[in-house]
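Remarks on the structure that follows.
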Number of protein chains: 2
Amino acid sequence: MSFTPAIAEQRFVLDHVARIAELGVEDDIVDAVLEGAGAFAAGEWAPLDRAGDTVGAKWTADGVVMPDGYRAAYQAYVEGGWGTIGSPEAFGGQGLPFALATAVLETLGTANMGFALCPTLNVGAIEALAHHGTPEQQTAYLPRLATGEWTGTMNLTEPQAGSDVGALKAKAEPRADGKWGISGTKIFISFGDHDMADNIVHLVLARTPDAPAGTKGISLFLVPKFRLDADGNPGDVNDVRVVSIEHKMGLHASPTCVLSFGDNGDCIGELIGPEMGGMRAMFTMMNNARLNVGLQGVQVAERATQRAVAYARDRVQGSRNGKPATIVEFPDVRRMLMRMKAQTMAARALVYLAAAQVDRANAGDAAAKARLDLLTPLAKAHGTDIGCEVSSIGVQVHGGMGYIEETGAAQHFRDARITPIYEGTNGIQAADLVGRKLSGDGGAALFALIDQMRNEAQGEGLIALIDACADVARHMLEAQVDDRLAGSYPFLTMLSTAVCGWLMEAQGRIAAEAQGDSAFLAMKRAAATFYVTQIVPEAMGMKAAAVASADALYAVDAETFAA
Amino acid sequence: MSFTPAIAEQRFVLDHVARIAELGVEDDIVDAVLEGAGAFAAGEWAPLDRAGDTVGAKWTADGVVMPDGYRAAYQAYVEGGWGTIGSPEAFGGQGLPFALATAVLETLGTANMGFALCPTLNVGAIEALAHHGTPEQQTAYLPRLATGEWTGTMNLTEPQAGSDVGALKAKAEPRADGKWGISGTKIFISFGDHDMADNIVHLVLARTPDAPAGTKGISLFLVPKFRLDADGNPGDVNDVRVVSIEHKMGLHASPTCVLSFGDNGDCIGELIGPEMGGMRAMFTMMNNARLNVGLQGVQVAERATQRAVAYARDRVQGSRNGKPATIVEFPDVRRMLMRMKAQTMAARALVYLAAAQVDRANAGDAAAKARLDLLTPLAKAHGTDIGCEVSSIGVQVHGGMGYIEETGAAQHFRDARITPIYEGTNGIQAADLVGRKLSGDGGAALFALIDQMRNEAQGEGLIALIDACADVARHMLEAQVDDRLAGSYPFLTMLSTAVCGWLMEAQGRIAAEAQGDSAFLAMKRAAATFYVTQIVPEAMGMKAAAVASADALYAVDAETFAA
């Protein structure tokens, strides 16, 4: 068994990083939810993870078929109420903090990352409808999206428009009944079709007639797989066709669909929010989705770490101090495992911190909203970078066995690799950081964070890194746009590491004084020390790149790169 | 077409890093070999790369079957004499420098990494026989190994003995005819069986009766797939059976075999070198094999870079300065491509430098031998780390398309991941560096290198890194063994980066003054500047980890890692 829910760690981070006690949820509810989700994920979802990879979702002429067991396990998720944790009570949800829902989703995704992408997408659809839908739309769709009875998708990308959403061409024509006729092709639609739920609610970006070019002319439409009948139940099939699914390197449990809308001129959708208001609605969908993709980094890192630790404790190889030894006893293997533990904890702290700002922002805290906006690109990009790094170390700990698919380490390595790409590539996150997030408020939110970190940090290396981040931020505020962009990724890594270092150092202090699970607390202290003394200094090495000018990158022209 | 031989770059590095003019080969021969190998690899091997991945080598009851076209392409390689470049003239080889053979092997592996592993293994078998075989054995086997008419394998690993070779159990019993009866099971045997050549020469580590435990009791045996008849041609089949091949994450063109020797008590082998001399012979096999695995890092990095550059120059997305732009024009994409170019060049320079020491050492240069020994773990570990990093960036440059298998970027990412593992994991390379290579001569070879680098380096950051390496080396020489090992991997990365920085800086200076292909020279200068100013400083960030004590890793016990 390679999966154990990380309950003690989740609770610790919820308490001390997210400060969940301030978010209006009772203590025993938190425990009950974490433990219940852990037991459910271990019992129902983790056992399907391997078949998700080896069998995978399959395209058929009648739609996408999931591997055996997925439909039942999804129904068990719906019936157990695991989808409703963070959904609004007004629509049948439990109205618990987003931070707690984040922990639940982490557990589900650690058990089965590909599967958990499905409910991850529901969150975006719910957010979009809750913020931009009419009361009628909310009544018709939200309750069953909230439970997960129906699932949601996000339809942004088109073949000619990847990261450049403004280039999309899908069309929406007004109909006499006030609805819209949708047509066009969308690609990379995760869970764009499947056989686990009774309906699928596609949220589709498209252009209305005479809409201006670019992002300003985009509107958001709701396109159900099955139209609702007079009772609000799934009725006639809509004109949406799953043309194919992609043959991906990993995440095989998640069907990545090409969807064709309106092939027969009969695809009916509803406008969500105002016409031309699509980008705003999309950002509503995507912001929390970005946090949840950062959370996928935590998921895959946690699972890879658990697997590597188990292997290293079991695998006897060579000897140490004259006795046969398991490889966990060797210093370089220890270094790898300690790095996996420390990085996984760091990513979790970063993502949970951001998640807690969602709750505070929802409660009207403007400073929390500003901090959330700032932390979102960090959580998405750095969380997923850590997922990739940790799952790669996991392969290495296994040695030759790590390269053999049956061992399972390779699956995590392959699964993780999509996360720095989708929901806005990590390069786009870095651009968002040094553009909108830094310059948008003249650096106010960033310097508020830096000041707080600077006041609380104790370690010399950590203080140096925070100061270096401040230097780079000041440089960025004055730099030309290309220079900012040239240094954006190194800066994002530096700043993320500083935030993680700040959170890890604080957790280490708390763990040193806390009572309770002594093994967990000892591991937390050791990982915190390792992070602050060994990982934080690495990020200092990126300062040169963060402030280098773009000239170094344009010293030769594009053609010369092929020389 | 995603493969172009990197001839200008290879020639430049052979001239200015390997200093091939000193190695007794004529100028026009070098050009002819590089160009000929490039044309051959592009025409015959590159087109098979994709089928190597998608079809792969297949196990059948009659042995391993390669994908269509491989046998013919392998025969073309033999007939073209591409295997004989570096083999001794006495055995039908061309006796050209190992450094030049390295460039040829690079080209073959850039065209088709999995395929090129086959001749890579021949090199080890040839070395073992050339150094340790009897004249009769050399006459019988070397000429046809040198041409590649027969292929070689290395049989070290057993299920219970991965990195711990001393734990192996395969047996060798003396026979009345002076030969040996071999029995046992070996795993992870690359090209342990295939249908491309008329014979396969297995070099097998085994224990003779009453041999002491551990590495001291190991001997090396030559076990042909087909025994030689009276005329020295392949005759009766030997008792060696391919039980299965592994289902790997990548490198599917290379069958990774489980071989069973002597199931029917009739596996006949010959002793190579003295009884109990197996470890010494194994190191002969492995040393150059380690360089060649480092070279695989260069191969996959070069191929991934070419593919990413081509994609980035072709893919239109968004706009820049008001006009539709290919993504190569965006700063963060440029940063990724520049990093790919710089890291690939750096790895090549490191591996070629080491390869040139093979030639000098063979000619009796003791200092070159000491430097080769020192550089070998760097070339293997850092070369393969770069291969993994660059192929991962290659996926990222492709965005969502990089995760789709048909694009090809994912294959390189999967293929690369074995290289930090086999031929001694990179952790073992790091242990070798701070153990045998550093302490073996009290640091003499290392400080000779550091002194030379220190004298020649000009950039401030590079000088600082070299000085930091000297600090860490002095620390290592005095440190307890566990502390040395705890810092070994960060130190290996620092030192490798210093060596690469030194070589890149020097190449940048030469390129600035050289005449010739101006696009190539401009790219070299730009990449050298990027490496020295942006990658070198990163390695400074690892100093804290390199000198940290092992205590940080043993602050908790093994069980606590699972807490």
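Shortest first, B:N233 label-point distances to identical copies amount to 8.0 nm, with the label point at 7 Å from Cα along Cα→Cβ. Placing pseudo-labels 7 Å out from each Cα toward the beta carbon at A:Q480 and B:E136 gives an inter-label distance of 7.6 nm. Each other copy holds its own label point for A:A367; taking that point as 7 Å from Cα along Cα to Cβ, the gaps run 6.5 nm, nearest first.
Applying the criteria of a DSSP loop state and at most 12 other Cβ atoms within 10 Å to the trypsin sites (Lys or Arg not before Pro) of the stretch A:130-189 yields A:R175. Assuming a ≥ b ≥ c are the square roots of the Cα gyration tensor eigenvalues, decide whether the stretch B:408-478 counts as rounded (a/c under 1.5), prolate (otherwise, with a/b larger than b/c) or oblate. Judged from the Cα gyration tensor, the stretch B:408-478 comes out oblate (a/c at least 1.5, b/c at or above a/b). A simple spin-label model places the labels of B:N455 and A:V237 7.9 nm from each other, with each point 7 Å out along Cα-to-Cβ. For peptide A:314-324, the mean count of partner chain Cβ atoms within 10 Å of a residue's Cβ comes to 2.
Neighbouring Cβ atoms from other chains, within 10 Å of the Cβ of residues in A:427-434, number 2 on average. Average accessible surface for the stretch A:407-515: 33 Å² per residue, computed with a 1.4 Å probe over protein heavy atoms with every protein chain in place. In the stretch B:426-563, a dipole from Cβ-located charges (positive for Lys and Arg, negative for Asp and Glu) runs towards its positive end, and of B:M540, B:F530, B:A511 it is B:A511 whose Cα lies farthest in that direction. Residues of the stretch B:96-136 with backbone nitrogen within less than 16 Å of a virtual label 7 Å along the Cα-to-Cβ line of B:E26, please, listed as ranges. It comes to B:96-97, nothing else. Cross-link partners for B:K171 among the aspartates and glutamates, with Cα-Cα distance under 18 Å and sequence neighbours closer than 8 places in the same chain left out: B:E158, B:D210, B:D239, B:D263, B:D266, B:E270, B:E275. Axis of helix A:488-513 versus longest Cα principal axis of chain A: the two differ by about 60°, to the nearest ten degrees. Apolar share of the accessible surface for chain A: 51 percent from carbon plus sulfur atoms, 1.4 Å probe. Once both axes come from the Cα atoms, what is the angle between helix B:7-16 and the longest principal axis of chain B, in degrees from 0 to 90, rounded to 10? Orientation of helix B:7-16: about 90 degrees from the principal axis.
Tell me which of A:A99, B:L553, A:A457 sits at the most positive position along the dipole axis of the protein assembly as shown, charges placed on C-beta atoms (Lys, Arg +1; Asp, Glu -1). Among A:A99, B:L553, A:A457, the one farthest towards the positive end of the dipole of the protein assembly as shown is A:A457. On a 0 to 90 degree scale, rounded to 10, what angle separates helix A:70-79 from the longest Cα axis of chain A? It works out to around 90 degrees. Can you classify the protein assembly as shown as rounded, prolate or oblate using the Cα gyration tensor, where a ≥ b ≥ c are the square roots of its eigenvalues, rounded means a/c under 1.5, and otherwise it's prolate if a/b beats b/c and oblate if not? In terms of gyration-tensor shape, prolate.
Let me make sure I get this right: for the stretch B:188-267, a, b and c are the square roots of the gyration tensor eigenvalues over alpha carbons, sorted descending. Under 1.5 in a/c it's rounded, otherwise prolate if a/b > b/c, else oblate. Which is it? Verdict is oblate for the stretch B:188-267. Between the amide H of A:R320 and those of A:A325, distances stay under 5 Å, these residues lying 5 or more places away or on another chain, with hydrogens modeled in the peptide plane.
In the stretch A:502-535, burial by the other protein chains removes 10 Å² or more of 1.4 Å probe accessible surface, compared with the chain on its own, from A:A519, A:F520, A:A522, A:M523, A:A526, A:F530, A:T533, A:Q534.
So how far, in whole Å, is the C-alpha centre of the stretch B:451-516 from the one of the stretch B:224-266? If we compute the Cα centre of each part, the gap is 44 Å. For the stretch A:426-563, the dipole from Cβ point charges (+1 on Lys and Arg, -1 on Asp and Glu) about the Cα centre works out to 400 debye, to the nearest 20. For the stretch B:378-416, heavy-atom accessible area (probe 1.4 Å) falls by no less than 50 Å² from the chain alone to the full protein assembly at B:Q396, B:Y403, B:I404, B:E405, B:F413. Note that the stretch A:267-272 has calculated 3J(HN,Hα) couplings of 9, 9, x, 10, 6, 10 Hz, one per residue in order, obtained from phi through the Karplus relation 6.51 cos²θ - 1.76 cosθ + 1.60 (θ = phi - 60°); glycine and proline are x. Using a probe of 1.4 angstrom and keeping all protein chains present, the accessible surface of the stretch B:2-153 works out to 35 square angstrom per residue. DSSP bridge analysis restricted to chain A gives an antiparallel fraction near 85%, rounded to the nearest 5. Extension gain for B:A444 to B:H247 (0.36 nm times residue separation, less C-alpha to C-alpha distance): 66.5 nm.
If you take all other residues with their beta carbon under 14 Å from the beta carbon of B:A8, and give Lys and Arg +1 and Asp and Glu -1, the sum is -2.
Here the dipole of the protein assembly as shown is about 980 debye; that uses its Cα centre as origin and unit charges on the Cβ of Lys and Arg (positive) and Asp and Glu (negative).
The residue in chain A that lies nearest, by its beta carbon, to the axis linking chain A with chain B is given here with the distance in whole angstrom as A:G541, 1. Calculated on C-alpha atoms, the gyration radius of chain B divided by its Kirkwood radius gives an Rg/Rh of 0.97. If the chain linking B:R509 and B:L228 were pulled fully straight, counting 0.36 nm for each residue of separation and taking away their Cα-Cα distance, it would gain 95.7 nm. Computed over the stretch B:86-176, the convex hull of the alpha-carbon atoms projects to a mean area of 7.9 nm².
For the stretch B:426-563, with equal point scatterers placed on the C-alpha atoms only and solvent neglected, what are the log10 I(q)/I(0) values from the Debye formula at q = 0.10, 0.14 1/Å, to two decimals? Result of the Debye calculation: -0.40, -0.68. Once backbone amide H atoms are built at 1.01 Å from N, B:N238 has B:F226, B:R227 as its partners under 5 Å, excluding neighbours fewer than 5 places away on the same chain. Shown in residue order for the stretch A:187-195 are the 3J(HN,Hα) couplings computed by the Karplus curve 6.51 cos²θ - 1.76 cosθ + 1.60 at θ = phi - 60°: 10, 6, 8, 5, 6, x, 8, 5, 10 Hz (x for Gly and Pro).
Here the dipole of chain A is about 1160 debye; that uses its Cα centre as origin and unit charges on the Cβ of Lys and Arg (positive) and Asp and Glu (negative). Annotation for the A:B interface, with buried accessible surface near 7200 Å², both sides summed [1.4 Å probe; non-protein components not counted].
Remark: the stretch A:53-65, residue by residue, has Karplus-estimated 3J(HN,Hα) of 7, 7, 8, x, 6, 10, 7, 9, 4, 8, x, 7, 10 Hz, where x stands for each Gly or Pro and the curve is 6.51 cos²θ - 1.76 cosθ + 1.60 at θ = phi - 60°.
Across peptide B:250-256, the mean count of Cβ atoms from other chains lying within 10 Å of each residue's own Cβ comes to 1. Listed by chain and number, the lysines placed with their C-alpha closer than 26 angstrom to that of A:K169 are A:K179, A:K186, A:K216, A:K225, A:K248, B:K323; residues fewer than eight positions away on the same chain are left out. Backbone amide hydrogens, once placed in the peptide plane, bring A:I272 within less than 5 Å of A:L220, A:F221, A:L222, excluding anything fewer than 5 places away on its chain. Inter-copy label distances for B:H475: 2.5 nm (label point placed 7 Å from Cα along Cα→Cβ; shortest first). Its alpha carbons considered, the stretch A:363-465 gives a radius of gyration followed by a Dmax of 18.0, 53 Å. The modelled label-to-label distance for the pair B:A39/B:D471, using points 7 Å beyond Cα in the direction of Cβ, is 5.4 nm.
The values are calculated or read from the model by the stated rules, or taken from the named source; none is laboratory data. Model, not experiment: these values are computed from the prediction. Because the Cβ atoms are built from the backbone with ideal geometry, glycine has one as well, and the counts that use them run over all protein chains shown. Please note that ligands, DNA and RNA were not included when accessible areas were found on the heavy atoms of the full protein model with its side chains. Shrake-Rupley method; radii C 1.70, N 1.55, O 1.52, S 1.80 Å.
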